[in-house]
Amino acid sequence: MPAKNFYIALYDPATNIVSFPYFVDEHDPPQPSKQAGRGLTEYVLRTGQPLLADEDIHRDLERRGEADLIGAPSIQWLGVPLKIGEKTIGVLVLQTYTKGVRYGVVEEQVLAFVSAQVAMAVERKRAEETLRAQRGFLRQVIDANPNLIFVKNWDGKFMLVNQAVADLYGTTVDTLIGKSDADFNPNREEVEHFLRDDREVMASQQAKLIPEEPVTDSQRGLTRWFQTVKVPLVSVSGTSRQVLGVATEITQRKTLEMQLLQSQKMEAIGRLAGGLAHDFNNLLTAILGSTELLLDTLGPGHAGRGDLDAIREAGLRAAELTRQLLAFSRQQVLTPRVLDLNGLVGGVEKILRRLIGEDIELRTVLAVPLGAVRADPSQVEQVLLNLAVNARDAMPRGGKLTIETANVELDEAYEREHQPVTRGDYVLLAVSDTGTGMDAKTKARLFEPFFTTKERGKGTGLGLSTVYGIVKQSGGYVWVYSEPGQGTTFKVYLPRVEGQADLAAPAASPPGPLRGSETVLVVEDHEDVRRLTERVLRSRGYTVLVSANGPEALRAAAQHAGPIHLLVTDVVMPGMSGREVSLLLAPARPEMRVLYLSGYADESIIHHGVLDPGLAFLQKPFTPDRLARKVRDLLEGPPTGGEQ
């Protein structure tokens with residue numbers, strides 16, 4: 001072409017910018033991008049028609065207000081629009097400042113031909129950039145999605161994955177393409193299950209919802225749960241079938257569901273255990289009481305004493321089992337006070353060292369200062385001893401037992417992940433061992449009564465269930481962390497309270513005589529227990545009025561002209577409870593004191609396992625001596641004031 005001056009101008013209507021990706025000019029420097037103005041280039045853009053202009057035509061256009069003179073006037077200026085269909089996307093310009101050079105039809109035709117090629121090249125480049133931008137945006141969208149997104153073929157090979165899938169398998173997106181689950185997931189059963197589902201969807205051409213399925217996260221060493229939707233796809237060529245999967249993680253929901261089910265199961269077992277313990281305690285009261293009375297009548301050398309001693313020992317062991325069941329079901333009676341757990345740990349440390357043996361190292365890590373808790377000290381000691389025994393049994397070849405205390409704050413995140421924990425300030429009592437550890441199935445049943453992994457005859461399965469009940473009844477929580485071969489940690493969280501720890505209770509005064517002459521009204525629906533109670537009290541000099549239920553007791557009291565010094569009543573009875581009996585009798589007999597008997601805690605006198613102030617309670621099963629001592633202490637002590 002007869003010129004050295006040439007440029008390509010491209011127009012962006014969205015921004016009204018004219019850019020010059022190619023610009024060669026002997027007179028002007030390369031032009032930067034600019035807002036569209038009123039030059040000859042813009043004239044061609046507006047009209048969409050070629051323009052051959054010399055100085056005269058340029059000035060004429062300027063005079064008519066259709067184009068402004070920009071830069072030095074060209075001797076000849078030829079501009080041809082770059083078009084895609086009817087759309088003008090730019091201008092191809094040829095110009096000269098040399099006199100004598102004239103452009104004509106040939107130059108215009110050549111430039112028009114070139115402009116068509118340039119326009120197609122620009123459009124193709126723009127389409128490629130648009131496609132690249134769309135792909136980049138799509139990749140950004142699916143990678144930003146926390147759900148697992150994948151496309152697989154019939155052989156289970158990944159055709160597309162997002163970053164979440166790569167993170168699950170601990171690799172990169174590019175590495176996953178062309179690979180299958182089997183290359184990253186060690187759980188072959190899961191992999192086969194995935195492939196069966198994928199092929200079912202591809203074969204049936206029907207979408208499938210999988211409400212929940214486990215996926216092994218080998219990077220973190222845990223199982224994660226997902227809800228997955230799988231949809232059939234056909235490849236672009238139509239020759240192969242594929243499946244699109246979108247999996248939403250529901251691990252937290254699944255964990256909460258399992259925690260709720262476990263809590264409901266424990267509540268149901270607790271109610272059953274409490275009911276059994278109540279009935280069994282009545283039987284044990286009669287057995288132990290009758291045995292004690294028989295032993296009192298036999299001389300030291302009597303041949304039958306050995307059998308009676310055996311019966312008593314068996315009864316006492318059975319009573320201990322019922323106490324553990326009551327602890328699990330949170331129906332025991334507590335006497336809580338403000339405690340310093342550091343002092344409690346120090347007080348039982350010597351016992352623990354003897355208990356665990358010389359081949360286990362005992363280490364304590366106690367926080368100072370440590371907040372106080374409100375709990376029954378004997379029950380918390382029981383928790384510590386049971387956990388220590390459990391740790392000892394998990395370390396048959398020796399190891400390390402660590403007891404730790406700390407002030408902790410359980411926040412909203414912990415509350416959300418550990419239902420039914422309530423956020424707040426707690427004191428932590430942690431017991432850790434370096435023993436054999438436990439798998440997930442064992443942990444799920446750990447606190448169930450009578451569940452044990454020990455050999456037959458080497459454990460009742462009530463130790464940890466007792467721990468569970470005591471902690472729950474004390475308003476706390478217990479969680480276990482364990483992996484096979486990695487040891488176990490039990491973490492007990494008790495609510496932190498204000499105030500200083502109470503001093504130890506004063507030593508009991510020497511027991512006085514167990515006899516008396518007062519009148520006692522006994523109300524007991526269980527016949528064996530009623531007869532035993534009557535017999536014990538009569539044998540110790542008391543006048544005894546006996547009733548099998550509440551209405552009988554009210555009639556007996558009304559017919560008795562003299563004072564009734566003490567009401568001894570079972571708490572749970574058909575029709576009318578012991579508390580109701582005492583409240584109905586109180587107005588006419590304000591001097592009468594009350595002793596409640598029960599095989600388990602009843603909410604009419606006990607709230608969350610804590611006896612109402614001023615009330616006296618005797619837990620079944622009891623021995624004749626315990627009953628006599630309790631009656632005597634109550635009659636000789638200050639007024640209870642419980643029924644005023």
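Read-outs throughout are calculated quantities, based only on the coordinates presented, and are distinct from any laboratory measurement. Since the structure is predicted, the reported quantities are computational estimates derived from the model, not experimental observations. Note: ideal-geometry Cβ built from the backbone for every residue, glycine included; neighbour counts use all protein chains shown.
Values for this structure:
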item	result
Sparsely packed trypsin sites (Lys or Arg not before Pro) within region 1-83, loop by DSSP, other Cβ within 10 Å at most 15	4, 64
Extension reserve of the residue 439-residue 296 stretch, reckoned as 0.36 nm per residue once the Cα distance is removed	46.3 nm
Overall Cα dimensions of region 145-249 - principal axes, largest extent first, Å	39, 29, 27
Cleavage-rule hits (trypsin sites (Lys or Arg not before Pro)) in region 88-182: DSSP loop, at most 14 neighbouring Cβ within 10 angstrom	99, 102
Debye, to nearest 20: dipole size of the chain, +1 on Lys, Arg Cβ, -1 on Asp, Glu Cβ	940 debye
Prolate/oblate/rounded call for region 519-636, Cα gyration tensor, a/c under 1.5 rounded	rounded
Unsatisfied cross-links (Cα-Cα over 26 Å) in the set 400/491; 87/125; 152/441	152/441
Segment residue 154-residue 416, length gained on full extension (0.36 nm per residue, minus Cα span)	90.3 nm
Rounded to 10°, Cα long-axis angle of helix 251-297 versus longest principal axis of the chain	10 degrees
Theoretical ellipticity at 222 nm over the chain - DSSP helices of four or more residues, -39500 (n - 2.57) apiece, nearest 500	-13000 deg cm²/dmol
Label-point separation, residue 561 to residue 66 (7 Å along Cα→Cβ), nm	13.9 nm
Model label zone, residue 515; criterion: amide N under 14 Å from point 7 Å along Cα-to-beta-carbon; scope region 533-570	537-543
Förster radius 25 Å - calculated FRET efficiency between residue 183 and residue 208 (Cβ-Cβ, nearest 0.05)	0.60
0 to 90° range, to nearest 10: angle between helix 527-539 axis and the chain longest Cα axis	50 degrees
P(r) of the chain over all Cα-Cα pairs, binned every 20 Å from zero, in whole percent	14, 27, 21, 14, 11, 8, 4, 0
Which of 575, 223, 520, positive extreme of dipole for the chain (C-beta unit charges)	520
Angle in degrees between helix 377-393 and the longest Cα principal axis of the chain, rounded to the nearest 10	70 degrees
